[in-house]
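Could you have a look at this structure, given as structure tokens, before my questions?
The values are calculated or read from the model by the stated rules, or taken from the named source; none is laboratory data. Note that the structure is a prediction, hence the values are computed from the model and not measured. With ideal geometry, Cβ positions are generated from the backbone for all residues, glycine too; neighbour counts draw on all protein chains shown.
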Amino acid sequence: MEKDIAKMEGARTGFNESSSTIDPGSIWELLELQGYQLDSICGLLSFSSYLYMKFFSKENHFSVQEDPFPSVAILIFVAEIIECADRNWCLRTGFSLRFIGLFTMFSQTGPCSVCLGTTKTLCLFPFVNSFLRLFLAPTEVGKYLFMTFEPVDNDLKMSIFTYLHAEYKCYESSKFNYEFLIEVFDRRAISSLIFTNKRMAMQIVPEKLRKLWNEWELRGMVLTSLALQIILMVTGDWRKYSSSNKIRIVLWLAYLSADSVATVSLGILSNNQEDNSDDGGDSSDSNNVLTALWAPFLLLHLGGPDTITAYSLEDNELWLRHLLGLVVQVGVAFYVFLSTWESSVINFLAIPVLIAGIIKFGERTWVLRSASNEHFRESMLPEPDPGPNYARYMEEYRTKKDEGFKVESRINPTVIEVPMAGNNSLHNAAQAVADNISDTEILHRAHSDFKKFKRLCADLILSFHDILSSQSFYQERSSDNAFKVVELELGFMYDVFYTKASLVYSLLGITLRCISFFSTLLAFLVFLILPDKKSYSTVDIYISYVLLVGAITLEFYAVIIKLSSDWTMIWLSKHKSMTFLYKFISTFAWTKKKKRWSNTIAQYNLVRLCLKDKPPKCILIQKVLFVDQLLERYRYKDSECVKAELKKLIFDQLKEKSRGATNFKDCKQLCAARGDSVLRENCLGKLGWATDEEFDHSILLWHIATDLCYYQDLSKKEKSIDSSNCEASRLLSNYMLYILVMCPFMLPNGIGQIRLRDTCAEAVEFFKERKSIKNAEGACNMLMKVNTEVHPSEVKGDRSKSVLFEACVLAKNLQSLKEETNWDDGKKWKLISHVWVEMLCYAANHCRWSNHAQQLRRGGELLTHVWLLMAHLGITEQFQISKGHARAKLILK
């Protein structure tokens with residue numbers, strides 16, 4: 001510290017106006033002590049330009065009209081942009097395009113030339129030359145203009161200070177002292193140049209445009225914030241049952257923009273109050289009082305709509321950030337509110353809206369916290385159970401033994417193996433009832449199962465009582481009703497993770513919502529009958545009306561959504577006094593046809609992808625934006641409706657597997673099966689190799705083989721194949737490839753992406769060599785003609801991971817079943833469909849719950865429905881196989 005003070009004192013001496021010499025090293029150290037980074041070209045430019053502006057401008061600012069060289073602000077603006085561009089380029093490419101020279105000095109007539117050069121070329125910015133009329137100054141600094149980029153040395157420091165000192169002495173040496181230097185550098189050079197009192201950088205913008213922006217900046221931001229809330233409210237719930245990418249993009253942009261726009265609007269309101277005070281005006285100016293009413297509405301907007309609180313699961317983990325935002329933004333709103341307080345009606349009118357805004361913002365923070373992984377798990381943990389009192393038991397044991405009794409400790413274990421659905425005891429206990437349950441019963445069952453099975457979403461285990469109850473129910477259900485229950489259950493799960501459902505459907509939530517609604521309604525009615533509004537701006541009055549009406553309309557829309565929700569229907573159906581209201585709401589057609597998920601499965605076909613039968617549009621623009629590969633994947637993605645036949649195929653096979661499991665070991669084997677159990681029952685010796693590979697390897701093998709078999713049968717029959725198993729096989733084949741390509745995070749770890757790219761590369765090369773291929777059928781038929789007597793792995797080795805011709809071998813083996821085992825096409829496609837169902841179940845069971853939950857916001861995945869169905873049927877490893885504690889008793893003899 002003492003050394004720093006000594007340096008500053010030395011610098012003071014160097015800059016004393018009576019001194020005839022100057023010590024640039026001391027001054028440089030002084031500036032670095034003040035926090036200025038002057039060891040770069042941009043820093044030198046800022047330093048010298050700022051000194052020139054301060055020393056040689058009488059009013060300490062530049063304007064186009066007053067000075068023939070309005071260059072300083074623009075030069076620094078350019079320098080700052082250059083620095084940012086260079087940093088970004090370094091991050092992307094790994095090397096720098098730093099400028100060889102970027103410097104300005106000043107002669108007696110004005111600033112000199114700015115030389116801009118790169119490692120390859122030397123250039124002058126055209127607008128700099130035309131705007132600023134710069135020319136090269138004949139100084140010693142000129143030798144640095146064409147040098148390679150080097151650190152600033154002492155010679156350059158001496159040149160700068162000597163030149164500026166001499167120039168200033170010629171102008172007015174009496175002002176050149178230490179105090180004036182400190183006054184000059186009370187801000188950083190670049191900030192001072194860009195943000196002067198007259199905002200020199202803004203002088204580039206026309207005066208009319210600046211006035212229009214200043215007048216409508218706040219108004220536009222507030223109205224934009226309201227518009228974003230409307231978009232979020234209306235479309236927030238759509239993604240629950242829609243897989244459209246357009247909806248996702250719109251919702252993503254609105255979600256990211258909403259908080260930022262509202263926060264910036266609050267900042268503008270706060271700055272307006274400061275600017276009004278700085279200008280000597282009355283902080284309680286009538287227009288400021290009215291615009292201060294908008295601050296509580298911005299808090300309402302920051303609270304967000306009920307239909308979306310988190311765009312993804314990761315947003316829930318950021319609840320602490322939202323809590324900090326709540327404290328800061330409420331503080332800003334209070335500041336705006338109090339700074340315009342003058343005991344007017346408008347001031348009092350802001351109080352109920354402020355209360356409503358704090359409630360809404362607080363609701364969102366609380367819901368995000370509740371849905372975070374840590375707190376969601378804690379909410380389902382049981383009370384701590386220490387178990388039987390071992391110390392007291394042993395104390396009694398020793399006491400009785402010391403008294404002369406012969407003591408025995410007899411343990412009664414209560415370990416019970418879970419009887420599976422196939423067990424006779426379960427069938428005897430379960431009543432065979434007709435599958436004719438009503439929609440109300442399905443709704444109640446889904447809600448009951450959700451409260452039990454949501455433990456799966458916290459990596460907790462299920463009790464064996466829950467498993468038994470669930471198995472007995474689903475074993476007696478049809479596939480249609482079973483999928484309906486699961487749809488509703490996953491809908492409840494979506495509401496908990498992504499909306500305010502966990503709060504707004506509780507007694508506390510309803511109370512808070514009534515308070516916020518009637519507070520906003522009161523503010524609207526009072527503002528409506530307010531007699532004297534002529535003292536306020538007409539535009540601001542209309543905007544205030546729009547904000548009030550918008551807030552009330554959003555509340556009404558939220559009430560309609562709540563009344564028709566599954567949560568409300570459950571509550572109404574449980575109360576006999578609400579039977580009339582329940583039936584009244586149920587009569588509306590739109591409640592009966594309400595969608596719970598997209599009910600579609602995405603399709604992705606490798607042969608079509610490699611044929612490139614969908615040419616891209618605007619490919620050059622896509623490549624410039626680096627989105628060509630991403631858009632290509634989406635270009636070949638299709639979707640198909642999940643038909644009842646496919647649901648029946650999946651559910652029947654799951655029920656059959658569930659009946660065959662009698663203990664925990666069997667469950668583990670079922671969870672690990674990925675097609676091999678189906679082949680074991682039929683033709684494991686011939687096709688078993690096709691399921692022994694890694695899982696992504698098996699997906700690619702069976703996907704290509706399924707296509708080859710389909711087109712081979714199609715060309716033989718010369719008509720469409722109407723087999724339900726064939727159609728189901730193709731749907732599941734294309735769906736599993738979609739999971740591999742677009743959602744690899746839902747599959748076990750592997751090298752699926754590498755294997756996929758190698759396979760595509762080999763297929764593209766194969767198709768290019770054969771010009772006669774026009775469509776997928778021709779491509780598949782051509783592949784089937786390839787001689788595969790020698791296995792492809794023996795020829796290619798391990799260098800390429802392509803499975804293209806291995807799939808041809810598998811397809812030929814499948815086709816040969818007809819001749820070797822007297823199978824017909826129906827039996828062959830039944831085998832293929834069962835293999836695909838088993839692979840689907842394997843993928844569903846080995847996907848983490850968080851990935852399943854992430855897909856709920858994209859319209860849902862069939863994989864997630866299968867995962868939950870498997871858990872309901874006991875095909876899961878997340879359940880308890882024993883109950884209670886082992887109880888010990890003392891036997892005295």
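May I ask you to say which residue of 225, 265, 260, 244 is in the same structural domain as residue 321 (by TED's automatic domain parsing) and within 16 Å of residue 598 (Cβ to Cβ)? Talk me through it step by step, then tell me what you get.
On the way: 225 fails: within 16 Å of residue 598 (Cβ to Cβ); 265 fails: within 16 Å of residue 598 (Cβ to Cβ); 260 fails: within 16 Å of residue 598 (Cβ to Cβ).
Testing whether each residue is in the same structural domain as residue 321 (by TED's automatic domain parsing) and within 16 Å of residue 598 (Cβ to Cβ) leaves just 244.
Pairs only if they're at least six apart or on different chains, beta carbon under 7 angstrom, first in region 303-329 and within 16 Å of residue 516 (Cβ to Cβ), second in a helix (DSSP H, G or I) and among the hydroxyl-bearing types (Ser, Thr, Tyr); list them, first residue then second.
309/498; 326/365
Here are some conditions: (1) in contact (Cβ under 8 Å) with a residue 60 or more places away in the chain; (2) surrounded by fewer than 22 Cβ atoms within 10 Å (Cβ to Cβ); (3) under 30 Å from residue 249 (Cα atoms). Residue 859 meets all but one. Which one does it not meet?
Tallying (1) in contact (Cβ under 8 Å) with a residue 60 or more places away in the chain; (2) surrounded by fewer than 22 Cβ atoms within 10 Å (Cβ to Cβ); (3) under 30 Å from residue 249 (Cα atoms), residue 859 fails exactly one: (2).
Being closer than 23 Å to residue 643 by Cβ and assigned to a helix (DSSP H, G or I) is the filter here; which residues of region 471-487 pass it?
Once the filter is applied, which keeps residues that are closer than 23 Å to residue 643 by Cβ and assigned to a helix (DSSP H, G or I), region 471-487 yields 474, 479, 480, 481, 482, 483, 484, 485, 486, 487.
In region 771-795, which residues are surrounded by fewer than 12 Cβ atoms within 10 Å (Cβ to Cβ) and not in a helix (DSSP H, G or I)? Explain how you work it out, then say what you get.
First, pick out the residues of region 771-795 that are surrounded by fewer than 12 Cβ atoms within 10 Å (Cβ to Cβ): 771-772, 774, 785, 787, 789-790, 794-795.
Answer for region 771-795, where residues must be surrounded by fewer than 12 Cβ atoms within 10 Å (Cβ to Cβ) and not in a helix (DSSP H, G or I): 771, 772, 774, 785, 787, 789, 790.
Here are some residues: 577, 544. Which one is hydroxyl-bearing (Ser, Thr, Tyr), surrounded by 20 or more Cβ atoms within 10 Å (Cβ to Cβ) and not in a loop (DSSP other than H, G, I, E, B)? Please lay out each step first, then the result.
Details: 577 fails: surrounded by 20 or more Cβ atoms within 10 Å (Cβ to Cβ).
Selected residue: 544, the only one of 577, 544 that is hydroxyl-bearing (Ser, Thr, Tyr), surrounded by 20 or more Cβ atoms within 10 Å (Cβ to Cβ) and not in a loop (DSSP other than H, G, I, E, B).
May I pose another question? Restricting attention to region 735-754, which residues are out of contact with any Phe, Trp or Tyr (no Cβ under 6 Å at 6 or more places or on another chain), within 16 Å of residue 605 (Cα to Cα) and in a helix (DSSP H, G or I)?
Filtering region 735-754 down to residues out of contact with any Phe, Trp or Tyr (no Cβ under 6 Å at 6 or more places or on another chain) leaves 735-736, 739-740, 742-747, 749-754.
Now narrow it down to the ones that are within 16 Å of residue 605 (Cα to Cα): 735-736, 739-740, 742-744, 752-753.
Correct list: 735, 736, 739, 740, 742, 744, 752, 753.
Would you pick out the residues in region 212-249 that are out of contact with any Asp or Glu (no Cβ under 9 Å at 6 or more places or on another chain), under 21 Å from residue 299 (Cα atoms) and among the small types (Gly, Ala, Ser)?
220, 225, 227, listed by residue number.
Can residue 557 be described as among the aromatic types (Phe, Trp, Tyr), under 30 Å from residue 228 (Cβ atoms) and part of a helix (DSSP H, G or I)?
Values: among the aromatic types (Phe, Trp, Tyr): yes; under 30 Å from residue 228 (Cβ atoms): yes; part of a helix (DSSP H, G or I): yes.
Yes, satisfied.
So, in region 741-754, how many residues would count as being within 18 Å of residue 633 (Cβ to Cβ) and either outside the structural domain of residue 699 (by TED's automatic domain parsing) or out of contact with any Asp or Glu (no Cβ under 6 Å at 6 or more places or on another chain) (or both)?
Let us first name the residues in region 741-754 that are within 18 Å of residue 633 (Cβ to Cβ), namely 741-747, 752-754.
Right, trim to either outside the structural domain of residue 699 (by TED's automatic domain parsing) or out of contact with any Asp or Glu (no Cβ under 6 Å at 6 or more places or on another chain) (or both) and you get 741-747, 753-754.
The total comes to 9.
Let me ask something else. Looking only at region 358-389, count every residue that is among the hydrophobic types (A, V, I, L, M, F, W, C) and farther than 20 Å from residue 298 by Cβ and tell me the total. Can you show your working first?
Start the filter on region 358-389 by keeping residues that are among the hydrophobic types (A, V, I, L, M, F, W, C), which leaves 358-359, 361, 366-368, 371, 376, 380-381.
Those still in the list that are farther than 20 Å from residue 298 by Cβ too: 371, 376, 380-381.
Looking only at that region, the number is 4.
So which pairs qualify, if the first residue must be in region 332-354 and farther than 20 Å from residue 532 by Cα, the second must be outside any helix (DSSP H, G or I), the Cβ gap must be under 8 Å, and the two must be at least 6 apart or on different chains?
339/283; 353/293
Out of (1) at pLDDT 85 or above; (2) surrounded by 12 or more Cβ atoms within 10 Å (Cβ to Cβ), what's the single condition that is false for residue 560?
Of the numbered conditions (1) at pLDDT 85 or above; (2) surrounded by 12 or more Cβ atoms within 10 Å (Cβ to Cβ), the odd one out for residue 560 is (2).
Only one of (1) without any contact (Cβ under 8 Å) to a residue 12 or more places away in the chain; (2) on the phi < 0 side of the Ramachandran plot; (3) outside any helix (DSSP H, G or I) fails for residue 827. Which number is that?
Residue 827 satisfies all of (1) without any contact (Cβ under 8 Å) to a residue 12 or more places away in the chain; (2) on the phi < 0 side of the Ramachandran plot; (3) outside any helix (DSSP H, G or I) except (3).
Per-residue answers, yes or no, for (1) at pLDDT 95 or above; (2) farther than 28 Å from residue 347 by Cα; (3) in contact with a strand residue (DSSP E or B) (Cβ under 6 Å, 6 or more places away or on another chain); (4) not in a helix (DSSP H, G or I):
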{"position": "469", "(1), (2), (3), (4)": "no, yes, no, no"}
{"position": "490", "(1), (2), (3), (4)": "yes, yes, no, no"}
{"position": "496", "(1), (2), (3), (4)": "yes, yes, no, no"}
{"position": "513", "(1), (2), (3), (4)": "no, no, no, no"}
{"position": "530", "(1), (2), (3), (4)": "no, no, no, yes"}
{"position": "536", "(1), (2), (3), (4)": "no, no, no, yes"}
{"position": "571", "(1), (2), (3), (4)": "no, yes, no, no"}
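Considering only residues that are surrounded by 21 or more Cβ atoms within 10 Å (Cβ to Cβ) and farther than 18 Å from residue 570 by Cβ, which ones fall in region 484-512?
497, 498 - these are the residues of region 484-512 that are surrounded by 21 or more Cβ atoms within 10 Å (Cβ to Cβ) and farther than 18 Å from residue 570 by Cβ.
Need pairs with beta-carbon distance below 8 Å; first residue assigned by TED's automatic domain parsing to the domain that holds residue 711 and within region 761-779, second outside any helix (DSSP H, G or I) and among the basic types (Lys, Arg); sequence gap 6+ or separate chains.
764/612
Yes/no matrix, rows are residues, columns are (1) over 29 Å from residue 499 (Cβ atoms); (2) of a type in the set (Lys, Arg); (3) surrounded by fewer than 17 Cβ atoms within 10 Å (Cβ to Cβ):
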residue: 319; (1), (2), (3): no, no, no
residue: 327; (1), (2), (3): no, no, yes
residue: 332; (1), (2), (3): no, no, no
residue: 336; (1), (2), (3): yes, no, no
residue: 340; (1), (2), (3): yes, no, no
residue: 345; (1), (2), (3): yes, no, yes
residue: 349; (1), (2), (3): yes, no, no
residue: 354; (1), (2), (3): no, no, no
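Every residue in region 234-250 that is crowded, with 21+ Cβ neighbours inside 10 Å and part of a helix (DSSP H, G or I), please.
Within region 234-250, 239, 240 meet the criteria.
Please find, within region 521-563, the residue that is nearest to residue 294 (Cα to Cα) out of those that are under 32 Å from the mean Cα position of the chain (by Cα) and hydroxyl-bearing (Ser, Thr, Tyr).
Filtering region 521-563 for residues under 32 Å from the mean Cα position of the chain (by Cα) gives 546-563.
Adding the requirement that they be hydroxyl-bearing (Ser, Thr, Tyr) leaves 553, 557.
Values: 553: 17, 557: 21 Å.
The residue in question is 553.
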